[in-house]
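Working notes for the structure below.
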Amino acid sequence: MAIGEAGPGSVRRGAQPKRLEETMRVRLGRECVYVPSCRFGLYVALRHWCPPGGRVLMSPVNDDVIFFVVLAAGLRPVQAPLNPLDASIDIDAVPDEVWGSVSAVLTTNLYGNPDPAPRLRQKCDALGIPLFEDGAHAIGSRVGDRPVGAWGEASVFSLSKHVGAKAGGMLSLADPGLREAVEKTCEGLLAPRRTSAELAYLVRPYAEATVRGLRLRRAAWAAIRLLGLADREEIRMPLRPDELALAARHTPGLDAHHPWVRVDMHDYRLRSGRLRLRRIGHKLDRLDDVLDACRVGTELLLSTPWAKPRDGQGTQPLFRVPLFVADRDAAIAALARQGIVVGYLYDPPLDDYAGAEFTDPSPAPEAARWFARHALPVDPLRARTVIEVLERSGAQPAPAPGELPGDRPTQGELPGDRPTPGGLGRSRG
């Protein structure tokens, strides 16, 4: 149990969270606890298994919110070398001294491409440290003989991504005996339900449908800014290093890092209301249909010249398919002209973004920099239109990693000419 954060007494849980948990329990084959967001579930997991001051090996091509969750838990992020074609952790490139220093490993499964969980499981077992799986993008992906999320001591999922509920998450546990302790920890961290937040959640789909129908994207972003809901102008949120250094004095705990952890999801720790839970349940019931459609779109996109080489395994139902283009900004602009928004960009890598004051840099950063600069994550549900636009625009595949000297940003550099806010990086829920 996270010390000092769990309230006494039993946790009252209604029928609706239990139904969601049972659906995910059947899918994963392990115990599941509903949480208001993926990031909230990850924080709870880190606090349960990692003592403050521990070091967590993670991917530098990841959402900055996840980085701040690790910091909020009182832990030190350690950036791993990556496979340049899917941004998974390159186990063999991690130096022995780094393996000997970390107290946990956190996978990313970026866009649904699995990290090498079977090998990471073996490595963590040998070191006696926990493995955590972030399955926000990978709710339907498999690795080895199991689903993503069934390898670690704990795994977290977002119900905002494939499920499309734009709220909710799931914390999965290898040990069902920990369920009660986890629920108590969650209870001590949850903020009271707000009627205004529930109403905003309920009307959001209708507002978004109206915006799409009237093609009012610019007006919509202006309204979001006026309401104080736009937290970033660039792909990465402002680091604010002086404030971040002050916040580090008050960890572990969410409150000090709340200004960073809340970005893109202000109700990440609010109790979910009945109507919100009902909508999430309806969306979750249709998940398999969405995954089937994602597999079809993924297969089509992976057959294009912009895709990475096939690995010979079955097609995953990717949340976004990373294509690799030489001029990503031009490709984003061409897609935007057809109403296709490119999001979930994570550039620059976290070690270039945060610097050595707040994270241990990767010992081999080039692959992450190449991926972060060239990956164009596109929605497989829009596969045919994306291919048509890229073909018409003359988009060229990116040269393979290492072919171009200087094909990486300098420390802290952001690629030029960023897209409009519709193409910004988005959170993992």
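A few remarks follow.
- Looking across the range 270-284, the residues that are surrounded by fewer than 21 Cβ atoms within 10 Å (Cβ to Cβ) and in a loop (DSSP other than H, G, I, E, B) come down to 271, 273.
Okay, residues lined up against (1) open to solvent by 30 Å² or more (accessible area, probe 1.4 Å); (2) in a strand (DSSP E or B):
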| residue | (1), (2) |
| --- | --- |
| 74 | no, no |
| 84 | yes, no |
| 119 | yes, no |
| 140 | no, no |
| 157 | no, yes |
| 163 | no, no |
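- Residues located in the range 86-114, provided they are more than 24 Å from residue 381 (Cβ to Cβ), assigned to a helix (DSSP H, G or I) and of a type outside the set (A, V, I, L, M): 92, 96, 97, 99
- Residue in the range 226-241 that is of a type outside the set (Val, Ile, Thr), open to solvent by less than 20 Å² (accessible area, probe 1.4 Å) and either in a helix (DSSP H, G or I) or at pLDDT 95 or above (or both) present: yes
- Long-range neighbours under 6 Å by Cβ, at least six apart or interchain, first residue farther than 10 Å from residue 386 by Cα and of a type in the set (Val, Ile, Thr) within the range 328-348, second open to solvent by less than 10 Å² (accessible area, probe 1.4 Å) and assigned to a loop (DSSP other than H, G, I, E, B): 332/342
- Enumeration of residues in the range 378-429 that are of a type outside the set (A, V, I, L, M, F, W, C), surrounded by 14 or more Cβ atoms within 10 Å (Cβ to Cβ) and modelled with pLDDT of 95 or more: 379, 380, 382, 385, 393, 396, 397
- A single entry from 395, 383, 367 fulfils the requirement of being small (Gly, Ala, Ser), in contact with a Phe, Trp or Tyr (Cβ under 9 Å, 6 or more places away or on another chain) and more than 29 Å from residue 248 (Cα to Cα): 395.
- Test for residue 375: is it more than 30 Å from residue 248 (Cβ to Cβ) and open to solvent by less than 40 Å² (accessible area, probe 1.4 Å): yes
- For the range 121-138, the set of residues classified as in contact (Cβ under 8 Å) with a residue 24 or more places away in the chain and open to solvent by 40 Å² or more (accessible area, probe 1.4 Å) consists of 123, 127, listed by residue number.
- In the range 56-110, residue nearest to the chain's Cα centre (by Cα) [restricted to those that are closer than 15 Å to residue 129 by Cα and small (Gly, Ala, Ser)]: 104
- Scanning the range 64-85 for residues that are aliphatic (A, V, I, L, M) and modelled with pLDDT under 95 yields a single hit, 85.
- Residues of the range 19-47 satisfying the condition of being in contact with a strand residue (DSSP E or B) (Cβ under 9 Å, 6 or more places away or on another chain), open to solvent by 10 Å² or more (accessible area, probe 1.4 Å) and assigned to a helix (DSSP H, G or I): 22, 23, 25, 27, 28
- The set of residues from the range 86-101 being of a type in the set (A, V, I, L, M, F, W, C) and either at pLDDT below 95 or surrounded by fewer than 22 Cβ atoms within 10 Å (Cβ to Cβ) (or both) comprises 91, 93, 94, 98, 99.
The values are calculated or read from the model by the stated rules, or taken from the named source; none is laboratory data. If you're wondering where the values come from, they're calculated on a predicted model, not measured in any experiment. Cβ coordinates were reconstructed from backbone atoms using ideal geometry, including for glycine residues, and neighbour counts include every protein chain displayed. Protein only, heavy atoms only, side chains kept; ligands, DNA and RNA dropped before computing areas. Shrake-Rupley method; radii C 1.70, N 1.55, O 1.52, S 1.80 Å.
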